[in-house]
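Have a look at the structure below, then the notes.
Any read-out appearing in this document is the output of simple, stated calculations on the displayed coordinates, not a laboratory observation. The structure displayed is predicted, hence computed values, not measured ones. FYI the Cβ positions are ideal-geometry reconstructions off the backbone, even for glycines, and counts take in every protein chain you see.
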Amino acid sequence: MEADIRAGRYLEHGEYEGNLYGTRIDSIRGVVAAGRVCVLDVNPQAVKVLRTAEFVPYVVFIEAPDFETLRAMNRTALESGVSTKQLTEADLRRTVEESSRIQRGYGHYFDLSLVNSNLERTFRELQAALEKLRTEPQWVPVSWVY
């Protein structure tokens, strides 16, 4: 795996508890070649690698809501038992700031941005966008066609 990482065969990679992990570019190619949809949750830098005629990605960014909304969502998740992790004020602020930083730095790569201020609504909006993507023609950069 380390040799493949050095050879650039991974879209992204990391280490967790001494174990290497990653997403092989050839694995993505295999999914696409099979006529399947490949859904990836990647770091923003990886979007630059994927945004090519080979992969023709549809990039969706799920944005954090404002601080107060995020805090209320965390409280609701705790009260309903959906989550057991209470996020600190610092965690919540970091999430909002990171979301904003990603939007500023990589927003031009996104085909769609959804503010996740309500989980069910955000999911419905994502489903609608994906259905539209499946059924309607989409614009792509001219360099992907010629």
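Before moving on, here are some points about what is shown:
- Neighbourhood net charge (12 Å Cβ-Cβ; Lys/Arg +1, Asp/Glu -1) for Ala64: -2
- Per-residue [θ]222 nm for the chain (sum of -39500 (n - 2.57) over DSSP H runs n ≥ 4, rounded to 500): -15000 deg cm²/dmol
- Under 5 Å, built H, 5+ apart or other chain: amide partners of Glu12: Thr23
- A Gaussian network model of the chain, with springs between Cα atoms under 10 Å, assigns the largest mean-square fluctuation among Thr135, Thr88, Thr122 to Thr135.
- Summing +1 for each Lys or Arg and -1 for each Asp or Glu among the other residues whose beta-carbon sits under 15 angstrom from that of Ile28 gives +1.
- Taking the fewest neighbouring Cβ atoms within 10 Å as the starting point, the ordered list for Lys132, Lys85 is Lys85, Lys132.
- In a simple Cβ point-charge model (Lys, Arg +1; Asp, Glu -1; nothing else charged), region 58-138 has a dipole of about 100 debye relative to its Cα centre.
- With Cα atoms defining each centre, region 110-140 and region 24-48 are spaced 18 Å apart in the structure.
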